[in-house]
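So the structure is just underneath, and the comments pick up after that.
No value in this document is a laboratory result; all are computed from the given coordinates. From a predicted model like this one, the values you see are computed outputs, not experimental measurements. Here the Cβ positions follow ideal geometry from the backbone for every residue, glycine too, while neighbour counts run over all protein chains shown.
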Amino acid sequence: MKKILVTGGAGYIGAHTAVELMNAGYETVLIDNFSKSNRTLLEGIEKITGKKVSFYEGDCLDEVFLQNVFKSHGPFSCVMHFAAYKSVGESVQDPLGYYRNNIQSLVTLLQVMKQNNVKDIVFSSSCTVYGQPDHIPVDENTPFKRAESPYGATKQMCERVLEDAFITGFKVISLRYFNPIGAHPSAWIGELPIGPPNNLVPYITQTAIGIREKLTVFGSDYNTPDGTCIRDFIHVVDLALAHIKAMEYLNKVSEPTHYQTLNLGTGLGVSVMQLINQFIEVTKVKLPYVMGPRRPGDVEKVYADPAKANRLIEWKTKYSVADALLHAWQWEKKLAGRS
Ligand code: WQD
């Protein structure tokens, strides 16, 4: 029985995708180095699926570890590569850590895949590859601008690695995530920042539950209707389901090598202030916030044209932003031991 390897499987998107893979009957092997995660989500996956998780701790930079996983726990029909650092703000503070981790781990993984004759890879890319686009919504043919952050630059470079490598024997689909938010409706898994959250929604929920004193809105002087940045917030379960569809698409591709890129977004632009107001409306809780200066590395506005993904992998989002905010809040309350 061929299996699916999920790197970064203890992380936010990896864990949600593992749930959908296991629920769909795929045998799944997870690896993670716990640099930005812990065992919490692995336990949550087991509660949701009722199945034991096949997990091995290790780093995608470690070729010996990867070789062992492929030799002892394969053969794999596809690799889903989530393992990477993903904070725009943090990457501005630690560019070298981001370049080394995000790019070298992909190169090492591809080399080990080739040595083990594994051809299919679903890669976690990002809308940050577009930089600040001239026109929105962006489709996959939108030319890359200079990335606004080292994080975005690592994703541009990783896509270049895949573009140059696929003709040597890979079938690749790069999924350009917009802004993943929310949690599994069961509230057994969700976003689990280690330390103060870099991302907006976990900072909102930690403020609402009292862990953080107040939320700071990074910039209210942008050229947008309410002065705050605009993003395309997509429910993490919708994102996870797109990975199953992408893998099944690759599996059906007959040619020996293949490369596709897909935008995974709702197609709806929502501002930071709109998200804050919607959170308050959906949860009926107080949310103390203040306006602060812009954050270096931020793109002013970006949201997706998801038509290619809708067509090519027959996928579209089914959850709303309100659903995602409610699920994120239910997860935060579960973490705090509240029902
Ligand atoms: C969103 C907006 C902040 C925190 C994310 C992922 C990245 C990629 C793209 C997948 C910005 C503002 C934030 C806060 C705020 N996705 N903000 N106060 O930077 O768009 O990047 O989506 O690969 O991996 O990180 O997301 O949530 O950090 O910021 O005002 O306390 O919220 O300035 O405008 P970002 P984010």
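Annotations
- Close amide H pairs (under 5 Å, H built 1.01 Å from N) link Leu264 with Arg176, Tyr177, Phe178, residues at least 5 positions away or on another chain.
- Residue-wise HN-Hα coupling along the stretch 55-63, computed from phi with Karplus coefficients 6.51, -1.76, 1.60 (Hz; x: Gly, Pro): 10, 10, 7, x, 10, 5, 7, 9, 4
- Across the alpha-carbon set of the stretch 159-296, the Rg to Rh ratio works out to 1.07, Rh being the Kirkwood radius.
- The stretch 270-277 - phi-based ³J(HN,Hα) in whole Hz, Karplus 6.51/-1.76/1.60, Gly and Pro as x: 10, 7, 4, 5, 4, 5, 4, 5
- GNM top mover of Ala208, Ala18, Ala183 - the chain, alpha-carbon springs below 10 Å: Ala208
- Cut-off under 5 Å, modelled amide H: who pairs with Ile234 long-range: Asn179, Ile181
- Dimensions of the stretch 153-209 from C-alpha coordinates, computed as largest minus smallest value along each principal axis and given longest first, are 50, 26, 18 Å.
- Antiparallel content of DSSP bridges confined to the stretch 165-271, in %, to 5: 15
- GNM top mover of Gly131, Gly58, Gly97 - the chain, alpha-carbon springs below 10 Å: Gly97
- Between the stretch 182-243 and the stretch 284-305, the Cα center-to-center distance that results, in Å: 9
- Between the Cα long axis of helix 236-252 and the first principal axis of the chain there is an angle of about 20°, rounded to the nearest 10.
- Model label zone, Asn310; criterion: amide N under 20 Å from point 7 Å along Cα-to-beta-carbon; scope the stretch 147-181: 175-180
- A Förster radius of 22 Å, combined with the Cβ-Cβ distance separating Ile211 from Tyr56, puts the computed FRET efficiency at roughly 0.10.
- A Gaussian network model of the chain, with springs between Cα atoms under 10 Å, assigns the largest mean-square fluctuation among Thr261, Thr205, Thr40 to Thr40.
- The phi-based Karplus calculation (6.51 cos²θ - 1.76 cosθ + 1.60; θ = phi - 60°) puts the 3J(HN,Hα) values of the stretch 286-291 at 6, 9, x, 9, 10, 8 Hz, whole numbers, x for Gly and Pro.
- By the equivalent-ellipsoid construction on the alpha carbon gyration tensor, the stretch 45-200 comes out with semi-axes of 26, 22, 16 Å, ordered largest to smallest.
- For the chain, DSSP calls about 5 percent of its internal beta bridges antiparallel.
- The amide H of Thr216, built 1.01 Å from its N in the peptide plane, has Val290 as neighbours under 5 Å, considering only residues 5 or more places off or on other chains.
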